[in-house]
1. Out of all the residues in region 46-56, is one or more in a helix (DSSP H, G or I), assigned by TED's automatic domain parsing to the domain that holds residue 201 and farther than 30 Å from residue 335 by Cβ?
2. Just to check your reading of the model, which residue among 88, 45 is more than 16 Å from the ligand (Cβ to nearest atom) and touching a helix residue (DSSP H, G or I) at 6+ places or on another chain (Cβ under 6 Å)?
3. Mind telling me which of the residues 339, 371, 380, 357 ends up being more than 30 Å from residue 151 (Cα to Cα), more than 25 Å from the chain's Cα centre (by Cα) and modelled with pLDDT of 95 or more?
4. Of all residues in region 443-464, which are assigned to a helix (DSSP H, G or I) and either at pLDDT 90 or above or farther than 11 Å from residue 430 by Cβ (or both)?
5. When residues of region 151-179 are filtered for being free of Cβ contacts under 8 Å to residues at least 60 places away in the same chain and in contact with a strand residue (DSSP E or B) (Cβ under 6 Å, 6 or more places away or on another chain), how many remain?
6. Hey, among 296, 304, 242, which residue is part of a loop (DSSP other than H, G, I, E, B) and farther than 30 Å from residue 58 by Cα?
7. Please specify each residue of region 223-239 satisfying the condition of being touching a strand residue (DSSP E or B) at 6+ places or on another chain (Cβ under 8 Å) and either more than 8 Å from the ligand (Cβ to nearest atom) or closer than 14 Å to residue 270 by Cβ (or both).
8. From 99, 130, which residue is modelled with pLDDT under 95 and either within 16 Å of the ligand (Cβ to nearest atom) or on the phi < 0 side of the Ramachandran plot (or both)?
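The values are calculated or read from the model by the stated rules, or taken from the named source; none is laboratory data. Note that the structure is predicted; figures quoted are calculated from it, not measured. Positions of Cβ are generated from backbone atoms using ideal geometry, with glycine treated the same way; all protein chains shown enter the neighbour counts.
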Ligand SMILES: Cc1ncc(COP(=O)(O)O)c(C=O)c1O
């Protein structure tokens, strides 16, 4: 195995087409928009808080100017630049909105950072489950009525959090959710990691509203995933007076590095400038390119709807006569890299840097694969081979939020952790979140019981070469229930 540097250099030379993060899709985008010099002189730009460079955690100079640009772009009361992804914004947003030991209403298909915030703030979750899109085996929207019920039953909850869009672009009716959350006097936090572009694309039509427009209080978006800033940079938007901005500042300084990268922050500046100066044309072109792709390959894609961010191209591999794994393999053989696949759904993530040529190449390869496959025979196999469901839907019955406190006590009392093989862990309590990555949604949370269904699902994922955090060499950390 070569070094990381060798790997990156080889990848850079490969001429591959990226349908994964980051959204800029390579240095060509920076060069095309006049930032080639920045890309070329990255190492010289790697400075720290020298005189004139401002301070991320007490910004009143050049960094504040960037944050102000974002506040204007998103129509936010205040924006915060993030150097540890949406993950750190989610943690800070939750810790600033929910008191220690308090309660939060959360979508069960939330990202692991939400679960980490629970641990850090000793916060009790009340789970709201997304619907399931049975035809494609992935999570659907979260219903506003389910959130309303949870709010009625839990007047002591301080906030509500959900991902919107989720990894596949599935959105919920955020306007209705914001209304019900605010009627109950609570804070709505939206994990918009996958939708930092939505605000700017509202004028392009046919895409779901951004969380900022829909009325959320705190919105965190990974500008690195779909826009042009570098990996790990992100933006947190505070859109109302319901949360104290000083509290957000305090939580962010607790969990981010005291040496924030100026390269990342400068890339946020570049991204903001490109949006301000050329956004109108770029977003229109992106939307048109995606429309073009749907008109050519729409028969293999998940149908467009008002609740889908269709810039994420969800390809149903079974319609091409293969499984998600097989399709991913065929694409990667041709140097096309998708973002993720679970079961038969493979998602190709477009971004601000996606060009018509990228989409043409993907279309050509899909057509070639469809022609090559005998759909009927392979379709049967694909059903057999499909994962039981996408990761976020394989939720164990034990994942009921109301039992959280009890389990946590049980867990503490049981005390002694053991390391067991997956097979021997059935019936034990999990000592560490078990998280297939991607999409980064815990299947079993710390303190929950591991059942035989979980074990067989996890074994299937491992056999198929998926990454599962919390499992090392086929073993998990767990302890006996009392
Ligand atoms: C739904 C969701 N939320 C949050 C995150 C975290 O974002 P980041 O990688 O910017 O920290 C991810 C990462 O993929 C995600 O999928």
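1. Yes, the conditions are met somewhere in region 46-56.
2. 45
3. None of the other options fit; the residue is 357.
4. Correct list: 452, 453, 455, 456, 457, 458, 459, 460, 461, 462, 463.
5. First, the residues of region 151-179 that are free of Cβ contacts under 8 Å to residues at least 60 places away in the same chain: 151-157, 160, 162-164, 174-179.
Filter again for in contact with a strand residue (DSSP E or B) (Cβ under 6 Å, 6 or more places away or on another chain), leaving 154, 156-157, 160, 162-164, 178.
Looking only at that region, the number is 8.
6. Residue meeting the stated conditions: 304.
7. Of everything in region 223-239, those that are touching a strand residue (DSSP E or B) at 6+ places or on another chain (Cβ under 8 Å) and either more than 8 Å from the ligand (Cβ to nearest atom) or closer than 14 Å to residue 270 by Cβ (or both) turn out to be 223, 224, 226, 233, 235, 236, 237, 238, 239.
8. Details: 99 fails: modelled with pLDDT under 95.
From the options 99, 130, the qualifying one is 130.
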